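The values are calculated or read from the model by the stated rules, or taken from the named source; none is laboratory data. The shown structure was predicted, so the numbers you read here are calculated from the model rather than taken from an experiment. Heads up, the Cβs are rebuilt from the backbone with ideal geometry, glycines too, and the neighbour counts pull from every protein chain shown. Side chains included, ligands, DNA and RNA excluded: accessible areas come from the protein's heavy atoms. Shrake-Rupley method; radii C 1.70, N 1.55, O 1.52, S 1.80 Å.
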Amino acid sequence: MTDRDPLVPALTRLLVDIVRWLDDCDDDEVNSDSAVKMMETIGWSLLQLPSDQRSRFLQVIADLAEAEQDPAVRDFLKSFPFDIGMVEDEES
């Protein structure tokens with residue numbers, strides 16, 4: 001896949017949407033321990049990306065946030081790299 005491959009932002013958005021859904025689920029929809037375990041696995045997997053791929057992923061997240069019309073989704077996208085552990089803090 002190249003930087004311009006439309007699959008990259010589509011898959012990135014799908015991954016973020018899954019994490020957002022898991023984060024918002026009630027216990028009767030998904031067991032909370034299972035949801036946390038899955039989000040931790042996703043975070044760990046993203047941290048295993050090589051530096052150039054991690055940078056690309058973070059840029060796609062930023063691009064998606066900038067284009068997002070829904071303020072709640074935009075805020076989630078902006079906080080995603082910090083919440084998932086890819087970035088130490090917002091000043092980094």
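Go through D75, D27 for me and flag whichever is surrounded by fewer than 15 Cβ atoms within 10 Å (Cβ to Cβ), modelled with pLDDT under 95 and on the phi < 0 side of the Ramachandran plot.
Result of the check over D75, D27: D27.
Please verify whether F82 is of a type in the set (F, W, Y), modelled with pLDDT of 90 or more and surrounded by fewer than 16 Cβ atoms within 10 Å (Cβ to Cβ), treating the condition exactly as stated.
Judged against the criteria, F82 is a match.
Please verify whether V60 is β-branched (V, I, T) and not in a helix (DSSP H, G or I), treating the condition exactly as stated.
Here the answer is no, as V60 does not meet what is asked.
With the requirement that a residue be surrounded by 12 or more Cβ atoms within 10 Å (Cβ to Cβ) and free of Cβ contacts under 8 Å to residues at least 24 places away in the same chain, what does the range 38-52 give you?
Within the range 38-52, M38, E40, L49 meet the criteria.
What single numbered condition from (1) modelled with pLDDT of 95 or more; (2) open to solvent by less than 60 Å² (accessible area, probe 1.4 Å); (3) not in a helix (DSSP H, G or I) fails to hold for Q69?
(2)
Within the group D27, D63, which residue is touching a Pro at 6+ places or on another chain (Cβ under 8 Å), free of Cβ contacts under 8 Å to residues at least 60 places away in the same chain and not aromatic (F, W, Y)?
Result of the check over D27, D63: D63.
Pick out the one residue from L77, L46 that is closer than 19 Å to D5 by Cβ and in contact with a Leu (Cβ under 9 Å, 6 or more places away or on another chain).
L46
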